[in-house]
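Report on one structure; see the data block that follows.
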Amino acid sequence: MQYVPNILFVIALVAGIGYFTKNIRKVIRNIRLGKDVDRSDNKSERFKNMMRVALGQSKMVRRPIAGFLHIVVYIGFLIINVEVLEIIIDGIFGTHRVFAFLGGLYDFLIASFEILALLVLVGVIVFWIRRNVIKLKRFWNPEMKGWPKSDGNWILYFEMILMTLFLVMNASDLQLQNIGAEHYIKAGSYPVSQFISPFFDGLSEITLIVIERTAWWLHILGILVFLNYLYFSKHLHIILAFPNTYYENLNPKGQLDNLEAVTNEVKLMMDPNADPFAAPAEDDVAGEPEKFGASDVTDLNWVQLLNAYTCTECGRCTSECPANQTGKKLSPRKIMMDTRDRLKEVGDNIDKNGSFEDDNKQLLGDYISAEELWACTSCNACVETCPVGISPLSIIIDMRRYLVMEQSAAPSDLNNMMSNIENNGAPWPFNQMDRLNWSNE
């Protein structure tokens, strides 16, 4: 019977990590549905970018209050969970505070964990107030209704509960140490939970053990639940922010890439030896010529799909977007959320059928409208402000390309401009011979 808790712990640990691994494999599979793009260049610069942006949170502090609070919660939550290693060892082998042999270093670590836990708790409460009491506008945009709004709150509740359980666990443990309970060796320093411990005065040893063990079990099970909740939440960025910033486009923000399909077509047109009556080159196993631009998630590249999964839904992109500020329908955050939702839908279709079966839906039209795409000014404000290196603009541009080159569905003003360039060599409706007439006035 004495090994039952250890067995139950191992079962919970294996089940939790196993389910998480299964879901992460789905994420990787879905991301790989995107087209290939080479981001293997400049490895040292990419690594520095990842360390600066993902680990160092350099873009978060551009908004000092939110940035500081996020860094406190981020660092605190990461460092506190270092103690999870001790909990796992204790859970498997039935030990208690197995790292206590570190002596003074252990005291320092536990004290640091407690201070950080308190700071995380305060930071999370402030975040909750900003969302639900102050109601910052960017958290109440139309795309944030329903699950996205609930998800933002649920993650805050998770963190509040986990930090509270951590402090209660330590406070009851301290009380058991003070009364000399068996198995509860004197170890650690408790600058925060020592103020909670007096609430347990007068309780029997058995009651204190029940409180400590309950908090211990709920804390580790809560971490496993939190780990698996990430897959269903925007907070998957906790993990994906690192590869996302590593594979970020390092070209200047205003530099657009050329479509390889268009380049190949132009080269073919300029090749004097090419047969103009030949069938188009087959670009895939189905024998279909490559599509210009993107109408669905599988037309995007894998980095764009990684971007979609990494989106934190913080709304900084939308709050900086000049089109959104002037009342246009465009919200860069919604572009990323829609891309992720459609990608998950495609992934679920594959899980259900073994391979993708046409569902008569696509990203363009069913999720993102042409009105949203054409509202974009291509100013790159959304890309510049994103704290994890996401580019909504790249998806917008690719979908615009599809509308223009595949659907011939450009706005009339754009069609007029392209006609002028074709006929006059300039965007303006003036004959080339009359172009300098303004200088005679």
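Collect residues whose amide H, placed 1.01 Å from N in the peptide plane, falls under 5 Å from the amide H of K35; neighbours closer than 5 in sequence don't count.
Distant-sequence amide H within range of K35: L300, N301, W302.
Please check the chain for the longest run free of chymotrypsin sites (Phe, Trp or Tyr not before Pro) that are loop-located per DSSP (anything but H, G, I, E, B) and have at most 10 other Cβ atoms within 10 Å.
On the way: sites that count: Y3, F277.
For chymotrypsin sites (Phe, Trp or Tyr not before Pro) (loop position, at most 10 other Cβ atoms within 10 Å), the longest site-free span of the chain is 4-276.
Before I look further, what does the chain give for accessible area per residue, probe 1.4 Å, in whole square angstrom?
Numbers: 23580 Å² over 441 residues.
Computed with neighbouring chains in place, this is 53 Å² per residue.
Do any trypsin sites (Lys or Arg not before Pro) in segment 55-149 lie in a DSSP loop with no more than 12 other beta carbon atoms within 10 Å, and if so, which?
Working: sites: K59, R62, R97, R130, R131, K135, K137, R138, K145, K149; in loops: K59, R97, K135, K145.
Of the trypsin sites (Lys or Arg not before Pro), the ones in loops of segment 55-149 whose Cβ has at most 12 other Cβ atoms within 10 Å are K135, K145.
Take every Cα pair under 8 Å in the chain that's 6+ residues apart, average their separations, divide by the length, and report that relative contact order as a whole percent. Don't skip to the end; give the middle numbers.
Values: 469 pairs, mean separation 82.6, N = 441.
Rounded, it is 19 percent for the chain.
Using the alpha-carbon atoms, what tilt in degrees (0 to 90, nearest 10) does helix 332-353 show relative to the longest principal axis of the chain?
Tilt of helix 332-353: around 80 degrees.
For a quick check of understanding: with a 1.4 angstrom probe and all protein chains in place, what accessible area in square angstrom does S419 have, to the nearest ten?
Taking all protein chains as shown, S419 has close to 50 Å².
By how many degrees, 0 to 90 and rounded to 10, does the Cα axis of helix 104-132 deviate from the longest principal axis of the chain?
50
Might you report the magnitude of the Cβ-based charge dipole of segment 32-79 about its Cα centre, with Lys and Arg at +1 and Asp and Glu at -1, to the nearest 20 debye?
For this selection, approximately 100 debye.
Among the aspartates and glutamates, select those whose C-alpha is under 13 Å from the C-alpha of K22, and discard any that sit fewer than 8 residues away in the same chain.
Cross-link targets: D351.
Quick one, which of [x] 25.5, 74; [y] 24.6, 75; [z] 27.9, 101 is the actual Rg and Dmax of the Cα atoms in Å calculated for this model?
The listed entry that was calculated here is [z].
Kindly express, to the nearest 10 degrees and within the range 0 to 90, the angle between helix 392-405's C-alpha long axis and the longest C-alpha principal axis of the chain.
30
Run the numbers for K43 and K328: contour at 0.36 nm per residue of separation, minus the present Cα-Cα distance, in nm.
Numbers: separation 285, 0.36 × 285 = 102.60 nm, distance 3.89 nm.
Answer, rounded to one decimal: 98.7 nm.
For the chain, which whole percent of the accessible surface, found with a 1.4 angstrom probe, sits on carbon and sulfur atoms?
Ligands and nucleic acids excluded, carbon and sulfur give 62 percent.
Can you pull the accessible area of E406 for me, 1.4 Å probe, Å² to the nearest 10?
Accessible area, nearest 10 Å²: 80 Å².
Please work out how much accessible surface I11 shows to a 1.4 Å probe, ignoring ligands, DNA and RNA, in Å² rounded to 10.
Result for I11: roughly 100 Å² accessible.
Spelling out what I want: for every residue of segment 88-101, take phi, set θ = phi - 60°, compute 6.51 cos²θ - 1.76 cosθ + 1.60 (Karplus), and round to whole Hz; glycine and proline get x.
5, 4, 4, x, 6, 9, x, 7, 9, 6, 5, 8, 4, 5
Mind checking which lysines have their C-alpha under 19 Å from K291, skipping anything on the same chain fewer than 8 residues away?
K35, K267, K361
Hey, in the chain, which Cys have no second cysteine's beta-carbon closer than 4.7 Å?
For the chain, the answer is C311, C314, C321, C376, C379, C386, because their Cβ atoms have no other cysteine Cβ under 4.7 Å.
The values are calculated or read from the model by the stated rules, or taken from the named source; none is laboratory data. Remember, it's a predicted structure, so these values are computed and weren't measured experimentally. Please note: Cβ atoms are built from the backbone with ideal geometry, for glycine as well, and neighbour counts cover all protein chains shown. Just so you know, the surface numbers come from the protein's heavy atoms only, side chains and all, with ligands and any DNA or RNA stripped out. Shrake-Rupley method; radii C 1.70, N 1.55, O 1.52, S 1.80 Å.
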